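Structure record follows, encoded as structure tokens.
The values are calculated or read from the model by the stated rules, or taken from the named source; none is laboratory data. These numbers come from a predicted model, not from an experiment. We place every Cβ from the backbone using ideal geometry, glycine too, and count neighbours over all the protein chains shown. For the accessible areas, the whole protein counts, side chains as well, though only heavy atoms, and no ligand, DNA or RNA atoms are used. Shrake-Rupley method; radii C 1.70, N 1.55, O 1.52, S 1.80 Å.
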Amino acid sequence: MHADEIDPQARAAVERQERVPIPHSRWGLKLTRLLTGPAMRIRNRNPPTVGETVDGTIPGPAGDLDARLYLPDADGPFPTVVFFHGGGFVLGSVATHDRLCRRLTRESGCAVLSVDYRLAPEHSFPAAVADAYAAVEWAAANPDAIDGTGRVAVAGDSAGGALAAVAALMAAERDGPEIAYQALLYPGVGVEAGQPSMEEHAGIVLDEADLEWFFDCYYDHELHERNPYADPTNAGDVSGVAPATVVTAGFDPLRDGGRAYAEQLVRDGVPTRYENYADQVHGFMTLSEVDRATEAVADVADDLAGALRADS
């Protein structure tokens, strides 16, 4: 499940990131969020080009949600990928995942609607879930507002991958909007203490204290952790959800949880492509300097394009 060593490009990126530790206090969290804006303006200079980006808001269950629409350099309308960023349900924004969304747009030829959601600890579960599902419902119901064809997929990385998976499950169980595909990038699902990936790789990008902090912020009560709309691996049957791509990384503590969900999808008859990048780390698809990340984004984009453009 993991290579002999981490890809040198990924290792170099991790070593740079370790200079900014994840905060484990509300004061530290506020400071980190405050510094994210200037950091992202520097990081996102000279981004991959797309046809157009449109910043705006969409309606959410507790107020408007910030969103950014990425349109391909072509004539629309386009199929739409609703994307949710990672960050442990505590950090992250449209800006932190700008490059990834641009690359998905360029490679897939689909529009990408990147949506911010309410963050913990100020807004614990199920706030983020409610926002994510509302965003998918809105995108499906308002194709003209996003130059869309009406065909919709969901995607996300880490915590955002969990939200994408939950949105797909909710749509299936609630007779909601038809979701053509789900792309789950090293999703934060099925994570359990004692898993080999946790035992062997905690401390690479994420350590056990980081994960405990995220969980403590996100969940008000341990009962919530067993809710299928918090973690779809808790669902007894996922047979009705959209076909999926599940990506994991060999040196990621979350690897075994993502793999377990891919296996659950397969057991329940959901067409699923599972890919483990054995020499990579958590978050690698956001790393612009890692060649394997470029390959992974292209592969996921092909899956999305194939599903969304079929019969369109």
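Selection of the stretch 220-237 for residues being in a loop (DSSP other than H, G, I, E, B) and either modelled with pLDDT under 95 or closer than 24 Å to ASP299 by Cα (or both) yields ASP220, HIS221, GLY236. Among the residues of the stretch 139-154, those that are open to solvent by less than 50 Å² (accessible area, probe 1.4 Å) and either at pLDDT below 95 or in a strand (DSSP E or B) (or both) comprise GLY148, GLY150, VAL152, ALA153, VAL154.
Listed conditions (1) outside any loop (DSSP other than H, G, I, E, B); (2) closer than 19 Å to ASP131 by Cβ; (3) open to solvent by less than 20 Å² (accessible area, probe 1.4 Å) are all met by THR105, apart from (2). If you go through the stretch 256-303 and keep only what is assigned to a helix (DSSP H, G or I) and among the β-branched types (Val, Ile, Thr), you end up with VAL266, THR286, THR294, VAL297, VAL300. When residues in the stretch 256-271 are screened for being under 17 Å from the mean Cα position of the chain (by Cα) and open to solvent by less than 10 Å² (accessible area, probe 1.4 Å), 4 of them pass.
Filter the stretch 46-102 down to the residues that are closer than 17 Å to ALA127 by Cβ, assigned to a loop (DSSP other than H, G, I, E, B) and more than 19 Å from the chain's Cα centre (by Cα) and list them by number. Selection gives ALA62 alone. With the structure loaded, tell me whether ALA307 is crowded, with 20+ Cβ neighbours inside 10 Å, in a helix (DSSP H, G or I), touching a residue at least 24 places away in the same chain (Cβ under 8 Å) and in contact with a Phe, Trp or Tyr (Cβ under 6 Å, 6 or more places away or on another chain) or whether it fails that test. For ALA307, the condition - crowded, with 20+ Cβ neighbours inside 10 Å, in a helix (DSSP H, G or I), touching a residue at least 24 places away in the same chain (Cβ under 8 Å) and in contact with a Phe, Trp or Tyr (Cβ under 6 Å, 6 or more places away or on another chain) - is met. Quick one: in the stretch 272-300, of everything that is buried (at least 19 other Cβ atoms within 10 Å of the Cβ) and hydroxyl-bearing (Ser, Thr, Tyr), which residue is farthest from ALA155 (Cα to Cα)? Among residues in the stretch 272-300 that are buried (at least 19 other Cβ atoms within 10 Å of the Cβ) and hydroxyl-bearing (Ser, Thr, Tyr), the one farthest from ALA155 (Cα to Cα) is TYR277. Exactly one residue among VAL136, VAL129, VAL166 is touching a residue at least 24 places away in the same chain (Cβ under 8 Å), surrounded by fewer than 23 Cβ atoms within 10 Å (Cβ to Cβ) and closer than 20 Å to PRO232 by Cα, and that residue is VAL129. Checking each residue in the stretch 197-247 for being in contact with a helix residue (DSSP H, G or I) (Cβ under 7 Å, 6 or more places away or on another chain) and polar (S, T, N, Q) picks out SER197, ASN227, THR233, ASN234, THR245. For the stretch 255-287, the set of residues classified as small (Gly, Ala, Ser) and more than 17 Å from TYR186 (Cα to Cα) consists of GLY269 only.
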